[in-house]
1. From the set of residues in segment 248-289 that are of a type in the set (Asp, Glu) and assigned to a helix (DSSP H, G or I), which is surrounded by the fewest Cβ atoms within 10 Å (Cβ to Cβ)?
2. Just to be sure I understand the filter: pairs with C-beta atoms under 7 Å, separated by 6 or more residues or on different chains, first member in segment 170-188 and on the phi > 0 side of the Ramachandran plot, second member of a type in the set (D, E, K, R). Which pairs pass?
3. Conditions first: (1) within 30 Å of residue 75 (Cα to Cα); (2) among the polar types (S, T, N, Q); (3) out of contact with any Phe, Trp or Tyr (no Cβ under 9 Å at 6 or more places or on another chain). Residue 237 passes all but one, so which condition is the exception?
4. Suppose we keep only residues that are surrounded by fewer than 20 Cβ atoms within 10 Å (Cβ to Cβ) and of a type in the set (A, V, I, L, M) within segment 321-340. Which one would you say is nearest to residue 74 (Cα to Cα)?
5. Tell me, which residue of segment 71-105 that is among the small types (Gly, Ala, Ser) and touching a helix residue (DSSP H, G or I) at 6+ places or on another chain (Cβ under 9 Å) is nearest to residue 56 (Cα to Cα)?
6. Mind checking which residues of segment 314-347 are polar (S, T, N, Q), assigned to a helix (DSSP H, G or I) and out of contact with any strand residue (DSSP E or B) (no Cβ under 7 Å at 6 or more places or on another chain)?
7. Take segment 198-213 and flag every residue that is buried (at least 16 other Cβ atoms within 10 Å of the Cβ), without any contact (Cβ under 8 Å) to a residue 60 or more places away in the chain and not in a helix (DSSP H, G or I).
8. Cβ-Cβ below 6 Å, separation at least six or inter-chain, first residue in segment 55-82 and within 13 Å of residue 106 (Cα to Cα), second in a helix (DSSP H, G or I): which pairs?
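The values are calculated or read from the model by the stated rules, or taken from the named source; none is laboratory data. What you are looking at is a predicted structure, and each value in this text was computed from that prediction instead of being measured. Every residue, glycine as well, gets a Cβ built from its backbone with ideal geometry; the counts of neighbours run over all protein chains shown.
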Amino acid sequence: MTALHFKNFALLEPEFGELRRGYELLVEGDTIREVSDKPLKSAKADVIDCGGRTLMPGLIDSHVHVFLSEVYIRSMESMPLTLMTARAVRLMKGMLDRGFTSVRDTGGADWGIKEAVEKGDVAGPRLFIAGAAIGPTGGHSDPRRRTDFGARCHCCNAMAYTMNVSDGISSVRKSAREQMRLGADHIKIMMSGGVASPYDPLDSMQFSVDEVKAAVEEAKAFGRYVCAHAYTPEAITRAAQCGVRAIEHGNLIDDASAKLMAENNMFLTANLVAYYAMKERAAEFGMTGDMLAKNDLVIDGGLRSLEICKRAGVPVAYGSDLLGQLQVDQSREFLLRREVLSPLEIIRSATTVGAQILRMEGKLGTLRAGAFADMILVDGDPLKDLGLFQEQGRHLTAIMKGGAFYKNALH
């Protein structure tokens with residue numbers, strides 16, 4: 001078993017809330033075996049001199065779509081699954097380059113791409129998958145044209161492969177069960193309109209109470225949970241009342257719905273960067289004026305939603321939700337949140353809170369003994385300069401996932 005002894009670094013353990021020097025860290029295999037502010041004994045370990053840089057946990061993005069390689073999703077309807085997969089490999093490599101060693105895919109990624117990453121066939125972050133996102137006819141996961149009345153075969157249609165349309169309690173149950181049969185770590189449902197879908201208003205209510213309860217019941221029976229796409233207070237309230245565990249987006253949340261989320265121990269994954277990137281560049285990649293108009297309705301609520309959740313005590317995870325060519329902006333979320341949150345709070349959203357949503361506390365998002373050896377070595381102090389996460393990982397001297405170096409520029 002390979003052993004590595006890390007020395008001469010500043011420790012950024014998110015729980016500490018400050019940089020601490022004088023620590024040493026021992027990795028054995030894929031696990032952190034020991035962390036101490038006293039010298040460690042490791043005669044058989046290779047010594048890694050970190051040159052005084054900051055050692056911290058690998059980052060967690062709690063809302064990505066590795067298979068959605070087009071900003072204008074409908075462009076994927078003529079894309080074969082082989083091309084969709086090849087593009088996903090490139091997009092996942094970019095995520096690792098930026099220091100994201102774990103990501104939660106909230107619609108699209110399947111067990112095949114997850115298995116490929118886990119077996120080392122392709123390089124990528126740890127994947128926690130939803131399979132196909134589930135929504136009702138005419139909702140956020142229904143990308144059909146108005147002239148399409150039947151279901152499109154997904155075998156050669158990448159767009160159809162990543163989304164599921166279900167109506168009625170029995171259909172929702174079957175769809176949820178099917179995603180879990182196919183290895184889903186969580187179930188993603190649509191509960192309000194969305195920006196990238198063609199015909200649904202943002203304030204539309206998608207899935208009835210009984211349909212949501214059916215999805216939640218099936219997920220819990222399988223030891224999984226439900227996360228819900230929801231923008232409005234009404235949709236968030238319905239989700240909370242039906243047992244949904246996590247809200248995606250939530251830009252239009254109000255104090256009352258945030259309070260209800262806190263009472264039900266729910267999480268929010270915010271993704272401000274998606275709306276800014278779409279406003280700036282989505283049109284050049286084919287996104288329509290109607291979609292961009294919906295984007296304008298939610299962009300201003302992003303920072304306000306962070307303030308509301310902070311007051312209510314709702315944990316907010318780091319998410320990007322960027323489509324296709326916009327995924328290069330993944331790390332920009334760190335900068336956008338600075339207006340209302342401290343650097344420590346933002347870093348915790350991409351480590352501690354992300355691990356909580358993934359139900360991987362103590363294994364991810366921390367450098368405690370027993371955690372996976374997912375780490376990044378930063379050339380500076382991120383608590384003073386969040387810009388160190390920018391430029392596609394340029395300031396990350398080393399990136400480790402599961403005890404193996406993905407990048408090591410120390411030599």
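1. As a first pass, look at segment 248-289 and keep what is of a type in the set (Asp, Glu): 248, 254-255, 263, 280, 284.
Next, only the ones that are assigned to a helix (DSSP H, G or I) stay: 255, 263, 280, 284.
On the way: 255: 12, 263: 12, 280: 11, 284: 9.
Top of the filtered list is 284.
2. 183/114
3. That leaves (1) as the condition not met.
4. 328
5. Of the residues in segment 71-105, the ones among the small types (Gly, Ala, Ser) are 75, 78, 86, 88, 94, 99, 102.
Next cut, touching a helix residue (DSSP H, G or I) at 6+ places or on another chain (Cβ under 9 Å) only: 75, 78, 88, 94, 99, 102.
Details: 75: 39, 78: 42, 88: 26, 94: 19, 99: 10, 102: 14 Å.
Among those that are among the small types (Gly, Ala, Ser) and touching a helix residue (DSSP H, G or I) at 6+ places or on another chain (Cβ under 9 Å), it is 99.
6. Let us first name the residues in segment 314-347 that are polar (S, T, N, Q), namely 320, 325, 327, 330-331, 342.
Restricting the remaining residues to those that are assigned to a helix (DSSP H, G or I) gives 325, 327, 330-331.
Within segment 314-347, 325, 327, 331 meet the criteria.
7. Of the residues in segment 198-213, the ones buried (at least 16 other Cβ atoms within 10 Å of the Cβ) are 198, 200, 202, 204-208, 211-213.
Filter once more, keeping what is without any contact (Cβ under 8 Å) to a residue 60 or more places away in the chain: 205, 208, 212-213.
Within segment 198-213, 205, 208 meet the criteria.
8. As it stands, the answer is 62/354; 62/357; 66/88; 66/91; 66/92; 67/84; 67/88, since those pairs meet every condition given.
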